[in-house]
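Single-structure report; data block below.
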Amino acid sequence: MAAKTAGENGLTVALLERKENITEILRACGMMIVTLSSKYMGERVKLNTREGRLCFPNHGFSINYSGPHRDFFSWELYSPSGNPVYLGNYLENIKKGEEGRASAVYDKQILLEGLLAEARNCSVDVFPATNVVNVKKEKHWMEVITSEGKIFKGTFVIAADGRNSRIARVLGFNQERRFYGTVNSQGYEMEGLTLPHPHALVQVLIESGRTPKIAFITPRARGEDLYVVIISDLDPMTDRDAYFDYFITRSAFAPWFKHARKLKRIGVCGNMWAPIEDPLKENVILVGDAGWCQEAEMTGAVMCGWKAAHTVTSFLIEGKVNRERVQGYLDWWKKYHIDRLDYNVLLRNLVMPIIYSSEEIDYVFSRIKEPLPTNLDPYKTPRFFGEGLQRVMPVIQQERPQLVTKLMKFTDFPLEIILNPTIRAGFPSRFSM
């Protein structure tokens, strides 16, 4: 699916041919394919285990991936006292095997190694452990400046430096973006867990309130007994070590960790912003998380990188540098991010634990007894959850009528008001000196 073309100065670049016929794309990817992730950004990624490729049939390209993957069959949400709401019927889905899985996890390190190998095969120079501190335009070229004082010159810069993008900050993109809070997560890679459903993605609300505490348990691809367990919240001053200890030793979920072992400490911190609607400035184009609200997932980031690189390579070969030549990427960004994925819907996932007390959430979760549709899309979850609430609303109206008014806030109240505590607690870092 990839054709190599020699550019100026002997530089070899990869041009990916777009094929509109999905059947033809899948045939090119190979027949031993399985669905790897839920539909996201208009794409349903496929894993060709025979050829070792991740295939993006709607977008028309594939990348190397020969590493392990691990299936899971539902997304399970738990209230503080342990009442579950299931996105997907775990027992029914697992009977179906690969046909019934909600998604799969894969090894990020192996994925990135494959991408780097493909880049090097196309004569791309890679500079690891390089800390970029500034980007600026000089006459007819762009300069990328590192903390070591090195300067890289080029016609165009693709900024893929993540949710805490320094390039977005130094170019002033963040000055006009609406800020919603700083997410802090820390925990451990662990083994020996005793989960009700070991092949599920688990999300636990530990405590509701102005800055709720949430735990995530995600399978690792490298082993059947390996998980990532993290605590996340929106208050930078929280003692997350104390909350983690409470979660695994004294909470309603402590039995899951009776024989668990901590293997490696992990953590991450990132800001939640409104997305950047126009991701181009001074011949710098932002991709993936650098211009998005929270995170575009690994596969979403790969799609952004492919589209940006494909667009920029095409116009460099033609020798024309202007906005018109990269309009294809800008249109794509608007279609698949701004128009398709409403960040207000994404952030609604944070609203319930702020509006409701832990006891109220325990009650609401206890009333939703039937599994919701199998789903891992955070943009669809509020709708599915709302439909589940609607079915049990007569019972809630009869038993707890005071909660109905709060339920209205779940969809009607402006995010800026509901998330005001998280906005005030966070560190927006809008400017760079």
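Any read-out appearing in this document is the output of simple, stated calculations on the displayed coordinates, not a laboratory observation. It should be emphasised that the depicted structure is a prediction, and the values quoted were computed from it without experimental measurement. Because the Cβ atoms are built from the backbone with ideal geometry, glycine has one as well, and the counts that use them run over all protein chains shown.
Once amide H atoms are placed 1.01 Å from N in the peptide plane, what residues at a sequence separation of 5 or more from ILE206, or on another chain, have their amide H within under 5 Å of its amide H?
Amide H neighbours of ILE206, under 5 Å, 5+ apart: LYS213, ILE214, ALA215.
Taking Cα pairs under 8 Å and at least six residues apart, what relative contact order does the chain come out at, in percent?
Relative contact order for the chain comes out at 19 percent.
Going by amide H atoms built from the backbone, whose H comes under 5 Å of the H on LEU226, apart from near neighbours?
ARG220
For the chain, return all DSSP H helices satisfying: extent of Cα atoms along own axis at least 27 Å; mean Kyte-Doolittle hydropathy at least 0.5.
For the chain, where a helix must reach 27 Å along its axis and average at least 0.5, the hits are 297-318.
Please list 3J(HN,Hα) in residue order for region 277-293, calculated via the Karplus relation 6.51 cos²θ - 1.76 cosθ + 1.60 where θ = phi - 60°; whole Hz, with x for glycine and proline.
3J(HN,Hα) across region 277-293, in whole Hz: 6, 10, x, 10, 7, 6, 6, 10, 10, 8, 10, x, 4, 4, x, 9, 6.
Is there a quick way to get the dipole size of region 282-332? I mean about its Cα centre, with the Cβ of Lys and Arg at +1 and of Asp and Glu at -1; what is the value in debye to the nearest 20?
The calculation lands at about 220 debye.
Using +1 at the Cβ of each Lys and Arg and -1 at the Cβ of each Asp and Glu in region 338-416, identify which of TYR343, PRO371, SER358 lies farthest towards the dipole's positive end.
My answer, from the dipole projection, is PRO371.
Looking only at region 342-367, which residues have a backbone nitrogen under 15 Å from a spot 7 Å from the Cα of ARG400 in the C-beta direction?
352-367
Which aspartates and glutamates does LYS406 reach when only Cα atoms under 20 Å apart count, and residues fewer than 8 places away in its own chain are ignored?
The reachable aspartates and glutamates, counting only those whose Cα sits under 20 Å from LYS406, are GLU207, GLU359, GLU360, ASP362, GLU387, GLU416.
What do you get for chymotrypsin sites (Phe, Trp or Tyr not before Pro) in region 336-433 restricted to DSSP loop and a cutoff of at most 16 other Cβ within 10 Å of the site's Cβ?
Of the chymotrypsin sites (Phe, Trp or Tyr not before Pro), the ones in loops of region 336-433 whose Cβ has at most 16 other Cβ atoms within 10 Å are PHE431.
Do any GluC sites (Glu not before Pro) in region 194-291 lie in a DSSP loop with no more than 15 other beta carbon atoms within 10 Å, and if so, which?
Filter output for region 194-291: GLU224, GLU277, GLU282.
As an exercise, identify the GluC sites (Glu not before Pro) in region 283-352 lying in DSSP coil whose Cβ has no more than 13 other Cβ atoms within 10 Å.
Those that pass, being in a loop and sparsely packed, number zero.
Suppose R0 equals 60 Å; then what is the FRET efficiency for GLU224 and GLU138 from their Cβ-Cβ distance, rounded to the nearest 0.05?
Taking R0 as 60 Å, the efficiency between GLU224 and GLU138 is 0.65.
Could you give the size of the charge dipole of the chain about its Cα centre, using +1 on the Cβ of each K and R and -1 on the Cβ of each D and E, expressed in debye and rounded to the nearest 20?
260
Which pairs in the list LYS213/LYS307; LYS281/LYS334; LYS96/LYS264 are over 25 Å apart, alpha-carbon to alpha-carbon?
LYS213/LYS307; LYS96/LYS264
Using r as the Cβ-Cβ distance of SER366 and ASN322, and R0 as 51 Å, what FRET efficiency do you calculate, to the nearest 0.05?
Efficiency, from the Cβ-Cβ distance: 0.30.
Please list 3J(HN,Hα) in residue order for region 134-148, calculated via the Karplus relation 6.51 cos²θ - 1.76 cosθ + 1.60 where θ = phi - 60°; whole Hz, with x for glycine and proline.
Residue by residue, region 134-148 yields 7, 9, 8, 8, 10, 6, 10, 9, 9, 10, 9, 10, 9, 5, 7 Hz.
Take the cross-link list LYS137/LYS380; LYS46/LYS380; LYS46/LYS150 and give me the ones stretching past 31 Å between alpha-carbons.
From the list (LYS137/LYS380; LYS46/LYS380; LYS46/LYS150), the Cα-Cα distance tops 31 Å for LYS137/LYS380; LYS46/LYS150.
Rounded to the nearest Å, what's the spacing between the alpha carbon centres of region 343-407 and region 130-204? Just the number, please.
32
Where in region 126-150 is the amide nitrogen less than 19 Å from a point lying 7 Å along the Cα-to-Cβ axis of ASN164?
129-135, 146-148
How high is the FRET efficiency from THR155 to ARG178, r the C-beta distance, R0 45 Å, rounded to 0.05?
Computed FRET efficiency for THR155 and ARG178: 0.90.
Quick one: net charge of MET142's neighbours, Cβ under 12 Å, K/R +1, D/E -1?
So the environment of MET142 carries a net charge of +2.
All other residues with a Cβ under 10 Å from the Cβ of ASP289 taken together, and with Lys, Arg as +1 and Asp, Glu as -1, what is their net charge?
Net of charged neighbours comes to -2.
Short version: ³J(HN,Hα) in whole Hz for each residue of region 219-235, in order, from phi by Karplus 6.51 cos²θ - 1.76 cosθ + 1.60 (θ = phi - 60°), x for Gly and Pro, what are they?
x, 9, 6, 7, x, 5, 10, 10, 9, 9, 10, 10, 10, 10, 7, 10, 10
Throw me the Rg/Rh for the chain, computed over C-alpha atoms with Kirkwood Rh, two decimals.
0.97
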